[in-house]
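> Got a structure here, written out as structure tokens. Questions coming.
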Amino acid sequence: MATFVLVPGFWLGAWAWDAVADRLRSDGHEVHALTMPGIAERAAEAKPDTGLRTEIADIVGYLRGHDLRDVVLVGHSGANMPVTGVVDEVPELIARVVYVDSGPMPSGLGVIDFNPPDAQEAQREQVAEQGDGWLLPVPAFDAAEDPVNLAGISDADLERMRTLGSPQPFRTVTDALDRPGDPMPVPASAVCCTFSPDQVAQLAGMSPVFALMTKLELHHLPTGHWPQFSRPEDLAVLLGRISGS
């Protein structure tokens, strides 16, 4: 069976993968869910210089420290950046990379660059006013205010996201990767949730992010942006199928 390493997106620790990991393990897979430095049980590690390279080094260290090879490396949302950096750095350890409702960013761009200028400025103001200049506060996770991204998530899980979420070191949002090339050095897939594979093709000519995604193997799991909460069983089954195991 496959060996999965699951990396959560912004604000959330390894706990966010609990339901997905349980199903994958019940199907016979080996599963490692990671918490990034500065988040959840590792919140004390957060520093102003905690950035993308910190996360990449942490994941690479985990892979090597646990002698993991032929890994299916899964990154949700903002974890698209560190998993891409890991694939570029140690492709010999990775069997496949899977992006969940995200994809690789073009060289020289950070996650923040996916947003329009007004949204970027709003984030920077929030960090300056509420995050001591270096932390991005946890969102309200209010389904009434954000019905598309939070679709399908129970009230109990929304409360867990609010209470267990940790402020995100802002450098992980703004840091960019200087990539050796646009093609991925390992097989790459994406699970499209808040957008469809057809929309990826339609937007490819307008966005370099979606243009890169057309080079991935695309799968559709229609739901909100956090399928590990809204459709965890279906996500686990799909990941197992993508892994080929």
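The values are calculated or read from the model by the stated rules, or taken from the named source; none is laboratory data. The shown structure was predicted, so the numbers you read here are calculated from the model rather than taken from an experiment. Don't worry about glycine lacking a Cβ; one is built from the backbone with ideal geometry, like all the others, and counts go over all protein chains shown.
> Hey, could you check the stretch 216-226 for residues that are over 19 Å from Leu109 (Cα atoms) and among the aliphatic types (A, V, I, L, M) and say which is surrounded by the fewest Cβ atoms within 10 Å (Cβ to Cβ)? Please lay out each step first, then the result.
Residues of the stretch 216-226 that are over 19 Å from Leu109 (Cα atoms), as a first pass: 217-226.
Those left that are additionally among the aliphatic types (A, V, I, L, M): 218, 221.
Values: Leu218: 19, Leu221: 17.
In this case the residue turns out to be Leu221.
> Does the stretch 227-245 hold any residues that are among the basic types (Lys, Arg) and buried (at least 19 other Cβ atoms within 10 Å of the Cβ), and which are they? Even if it seems obvious, please write down each step before you answer.
Our first condition is that a residue be among the basic types (Lys, Arg); within the stretch 227-245, this holds for 231, 241.
Within the stretch 227-245, just Arg231 meets the criteria.
> Going by what's in this entry, would Gly224 be described as assigned to a loop (DSSP other than H, G, I, E, B), within 30 Å of Ser26 (Cα to Cα) and in contact with a Leu (Cβ under 7 Å, 6 or more places away or on another chain)? Spell out the reasoning first.
Numbers: assigned to a loop (DSSP other than H, G, I, E, B): yes; within 30 Å of Ser26 (Cα to Cα): yes; in contact with a Leu (Cβ under 7 Å, 6 or more places away or on another chain): yes.
Yes; evaluated as a whole, the condition is true for this residue.
> Considering only residues that are modelled with pLDDT of 95 or more and of a type in the set (Gly, Ala, Ser), look in the stretch 166-186 and name the one that is surrounded by the fewest Cβ atoms within 10 Å (Cβ to Cβ).
Filtering first and then ranking leaves Ala176.
> Let me ask another. Right, Thr163: assigned to a helix (DSSP H, G or I) and surrounded by fewer than 16 Cβ atoms within 10 Å (Cβ to Cβ) or not? Show your work before the answer.
On the way: assigned to a helix (DSSP H, G or I): yes; surrounded by fewer than 16 Cβ atoms within 10 Å (Cβ to Cβ): yes.
Yes; evaluated as a whole, the condition is true for this residue.
> Between a first residue in the stretch 39-65 that is free of Cβ contacts under 8 Å to residues at least 40 places away in the same chain and a second residue that is among the β-branched types (Val, Ile, Thr), which pairs have beta carbons less than 7 Å apart while being 6 or more apart in sequence or on different chains?
Taking only residues 6 or more apart or on different chains, the pairs are Glu41/Thr35; Arg42/Thr35; Ile56/Val86; Val60/Val86; Val60/Val90.
> A further question follows. Could you grab me the full set of residues in the stretch 187-215 that are surrounded by fewer than 16 Cβ atoms within 10 Å (Cβ to Cβ), aliphatic (A, V, I, L, M) and assigned to a loop (DSSP other than H, G, I, E, B)?
Passing the criteria: only Met206.
> Please name all residue pairs, on different chains or six or more residues apart, with Cβ atoms under 6 Å, provided the first residue is in the stretch 128-156 and is modelled with pLDDT of 95 or more and the second residue is in a strand (DSSP E or B).
Cβ pairs passing all conditions: Leu136/Gln168.
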